[in-house]
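Read the figures in this text as sums done on the coordinates, not as results from a lab. Every value quoted in this text rests on a predicted model; they were computed, and no experiment measured them. In this analysis, Cβ positions are derived from the backbone assuming ideal geometry, glycine residues included, and neighbour counts consider all displayed protein chains.
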Amino acid sequence: MTQVEQFHYDNAIVKKFAYATMLWGLVGMLVGLWVALELVFPALNLEKPWLTFGRIRPLHTNAVIFAFVGNGIFMGVYYSLQRLMKARMFSDMLSNIHFWGWQLIIVSAALTLPLGYTTSGEYAELTWPIDLAITLVWVVFGINMFGTIIKRREEHLYVAVWFYIATWITVAVLHIVRNLEIPTSGLHSYGIFAGVQEALVQWWYGHNAVAFFLTTPYLGLMYYFLPKAANRPVFSYRLSIVHFWALIFIYIWAGPHHLLYTSLPDWAQSLGMVFSLMLIAPSWGGMLNGLLTLRGAWDRVREDPILKFMVVAVTAYGMSTFEGPMMSIKSFNAITHYSDWTIGHVHVGALGWNGMLTFGVMYWLLPRIFDTKLHSVKLANVHFWLGTLGIIFYAIPMYWSGITQNLMWRAFTPDGFLVYPNFLETVTQIIPMYAIRAVGGALFISGVVVGIYNLIKTVSSGRLIANELAEAPALPTKHVAEGKEHWHRWIERKPVQMLIGSLIVVLIGGMVELFPMWWVDDNVPKIASVHPYTPLELQGRDLFVREGCVGCHSQMVRPFRFETERYGEYSKSGEFIYDRPFLWGSKRTGPDLAREGVGKLKKADSWHYAHLYDPRSISPGSIMPAYSWLTKNDLDTSTTAAKIKVLRQLGTPYDSDYELTANEDLAKQAAGIVKRINEEKPDLGLPEDADKKEIIAIIAYLQRLGVDITVQDQAGNQ
Amino acid sequence: MKNKYQRPILLAASILLPLATWAQAPAAPVNQDFWANTIGVITMTVAAVVIVGALLAVAQLFSSVVKMQEIQMLREKGIEEVVESYRQPEQSWWSKFYKSMTQAVPVAQEADIDLGHDYDGIRELDNKLPPWWLGMFYLSIVFAVIYLFAFHLSDIGKSPREEYENDMKVAKAEVNAYLATVADAVDENNVVALTDPQEISMGASIFSANCASCHGQKGEGGVGPNMTDDYWLHGGGIKNVFHTITNGVPDKGMIAWGEQLRASDIQRVASFLLTLRGTNPPNPKAPQGTIYNPDEAAVTDTTAVATPAAADTTATGK
């Protein structure tokens, strides 16, 4: 028979990714704690632009998703893939390019996001040069992974590897399509999709970032590390097959559940809802295969902290994949959407599933590659309990606050008025919940600190086996079937077919939902009175994007009595055709702004000026950050021409050569606003050159919101 | 084997489903309530089944733990007792049901279903798909088909827009029915200034919640005009003030509060405003508009008096 070959596993790269996981995990979670505290004590924004909630909330989400979990994925994949393939990674150089490239991307994200360079699409905020870098590094990862798979000594691909392959190809597709954009400058771009189309692309992407970055690669890790740690056989191979294919096929359809009751066409909303419901079983397939693999090892779960971490992780996975489909049921979504319930939901997944599994894996793997024992089982148990309690103290206040706030939003008096017409009342009510949530987060982080200490002590007590000797027979050149095989064994021998198979399976849902939205005009009925933004409004809108206002303020009035009563006419898809990026938002910590410039929400220019400068001088108790720098910074009008040109290229009907005179219109409109403010409130003491300041552009944009559709109403041409 | 057909059926069903959505039927709902309730019942049933499934999963986990301990114990006491324990003659309906819902091969016999796979030491068993899990999967697919049919191929389900219009109609009827039972018929023609201190203090709290952000906590003015002087932009006196509050002055940023406050509350806040006259709060905004003399009950036009921009020399700034 074949000769047994000797080779070495590369543990050095695993170590690097493990260290990066710990470092970025801590950083990302501390940023999260800071933003949580900002909601309780708005003074913590410190009136520093780069420290305000709107700018660093995306830093938190990006850091924990792409830096913490991202490095966690690579750590686990580089460890398990080599062993499952019985081969060293394809190229040490690619491994290192992958590692350092990824860290460079994280650092550039950590610099650009607080500085306000963002495209504002959730989890796709990074600017176009970083998007390109991500694409390159992802390709490097892919080559390295497939190179390893091709030169493997193990004939069949284990289920973990199916998940890795599906992850890689799907993330590639999602990332590229979501970030199709045209640059207007070195760090700014406009996306090729606008309004409702972009919204659908965004949540097709955003939901599947959860699916294929936070879920499938971690299922792969679970399939390797859980049976290893428990030393038990995987419960059901058949279940692996069915839930793998069903999961990746169904997941991709579910994005529209982020857009229920919005202006997204009904058919797409319904698809999002029913496919989300059908996701329960495939998701639970993973949970069952994990938990049932522990049959016969439950007595050890009591003693082994690693298994405890894994059990809580898999249980949290089961809980959030049950909760998610429930939240996709339209009538329930009407309550949870825009509220803190969503925040609680994602943290059960992120802290429970990703956080606990990451540390379970690290506790298992680091002692092994450092040829030593875990420094302290006791500390690991302390970490476990701090983490578990942290999750509970995080999630419960969020559910509570979500329900409380929604019930307050929708409460009517018998004579037909909102019981809480002032949005602020519904915010001050839940601030105690925000405080408890911060305690929960702090507990979780203190667990992480204990864990990192424990791992550092572990590592320093051993020595890295950088190249671990292993041996395995070479891959047989011809497949010899042993008896009757399951039909699925065929594709397990064919990595390329597996890649193409998963690509086809994930493309179906995307195409059925996205193509009609792109190419069938009926899906976005035009509204004649909707016009492009003026240059000043456009610049103001980009400042609104820069400051991350959309993190707290939605622009999407849903067709509910309690929303139209509070905000005005519900939103129509035709209103958004010139919106790049779309700013519907997904959370209302502040009120919706879709009708801010009209009707009962319309405020004086001077009100906005004073309110942006110091929100609490106008609304005592408000938790909005103060944007005093907007009154000091000069508006950069040098970008106007390039922006207008790109937008015209994308189909916004600006007259040809309008970019040459756009800044004249901009100055005229700004001067008008300053004049009005001086008339309304002379004691604001506006500086001489107030019309050059950024705040005027933002005010112009806010006053534009909702105007187009109101004009139409007055003209009476439906 | 049943399993041969499971995957193709699952896949075919989920691929065919979306086709149903292409047709968007204009809705002319018949028997709305009946069908709306039916959909509700179906939703609740599915939710209930799913929850039962969740409980079953927990029960299964629990029982595996118990079983493990049992086996461990029996192993120590000898194989005879294990065999004996499997020979237990009567099984309760529950344990039969439970077994049929899980169909998991006991750990002690797992060697029989070991597939012989070995991935870096990881082995795989060939347990069947848990029937309760499979049932849940099929049920969710059936629900999807029914839902898409109801909302996109038939007139049964209502679109969000139709639901909204219906809700508005129902709410309007309810409000009207309520209003018919209360005699709160204040309007700008019959409104009178209230003097009851309790009413005035209610007016004060409405003022500080809604008006103070523009008119100052003490009515000294801010974005909006001073409420404490004798000058009025849109007329003083209870009737004019009631009118201005109710309808707003949209061009100047004054909100039409009639959409947010009930008439009796507007009467209260207007009455409170009238009590502010001559209170001389600190940092007053310069007078705007014309003098309104309540005693004459008619507007005295003194156009030359108001020069707001020039008058304010004490601007506090920021």
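Put a dot 7 Å past the Cα of A:W385, heading toward its Cβ, do the same for A:V449, and the two dots end up 1.8 nm apart.
In terms of other Cβ atoms within 10 Å, A:V14, A:V27 run from fewest to most in the order A:V27, A:V14.
Charged side chains reduced to their Cβ positions (Lys and Arg at +1, Asp and Glu at -1) give the protein assembly as shown a dipole of some 3460 debye around its Cα centre. Taking a straight Cα-Cα cut-off under 23 Å and skipping sequence neighbours fewer than 8 places away in the same chain, the lysines within cross-link reach of B:K169 are A:K330, A:K572, A:K600, B:K158.
Do any chymotrypsin sites (Phe, Trp or Tyr not before Pro) in the stretch A:438-544 lie in a DSSP loop with no more than 13 other beta carbon atoms within 10 Å, and if so, which?
On the way: sites: A:F444, A:Y453, A:W487, A:W490, A:W518, A:W519, A:Y533, A:F544; in loops: A:W487, A:Y533.
Taking the stretch A:438-544 and a limit of 13 other Cβ atoms within 10 Å, the loop chymotrypsin sites (Phe, Trp or Tyr not before Pro) found are A:W487.
The simple spin-label model puts a point 7 Å past each Cα toward its Cβ; for B:T279 and B:I42 those points are separated by 6.0 nm. Which residue, B:T244, B:P284, B:S205, has the largest displacement toward the positive end of the dipole of the stretch B:197-307 when charges sit on each Cβ (Lys, Arg +1; Asp, Glu -1)? Checking the options against the dipole of the stretch B:197-307, the answer is B:S205.
So the label point goes 7 Å from the Cα of B:E259 along Cα→C-beta, right? Which residues of the stretch A:529-563 then have their backbone N under 16 Å from it? A:556-563, by backbone N distance to the label point. In the protein assembly as shown, the DSSP beta bridges split such that about 90 percent are antiparallel, to the nearest 5. Ignoring the sites themselves, chain A has its longest run without GluC sites (Glu not before Pro) in a DSSP loop having at most 14 other Cβ atoms within 10 Å at A:486-687. Between B:D251 and B:N293, the FRET efficiency estimated from the beta carbon spacing at R0 = 22 angstrom works out to 0.25. Once the C-beta distance of A:K668 and A:F41 is scaled by a Förster radius of 56 Å, the resulting FRET efficiency is 0.85 to the nearest 0.05.
Of A:K308/B:K99; A:K378/A:K457; A:K86/A:K494, which pairs sit farther than 18 Å apart, going by alpha carbon to alpha carbon? Let's see the in-between values first.
Values: A:K308/B:K99 27 Å; A:K378/A:K457 13 Å; A:K86/A:K494 16 Å.
Table pairs above 18 Å Cα-Cα are A:K308/B:K99.
Test of understanding: what is the full-extension gain from A:A435 to A:K632, defined as 0.36 nm times their sequence separation minus their Cα-Cα distance? My answer for the length gained is 67.7 nm.
Using a Cα-Cα cut-off of under 16 Å, which aspartates and glutamates could be cross-linked to B:K285, ignoring same-chain neighbours fewer than 8 residues away? Counting by Cα, and skipping residues close in sequence, B:K285 has these aspartates and glutamates nearby: A:E679, A:E680, A:D683, B:E220, B:D229, B:D230, B:D312.
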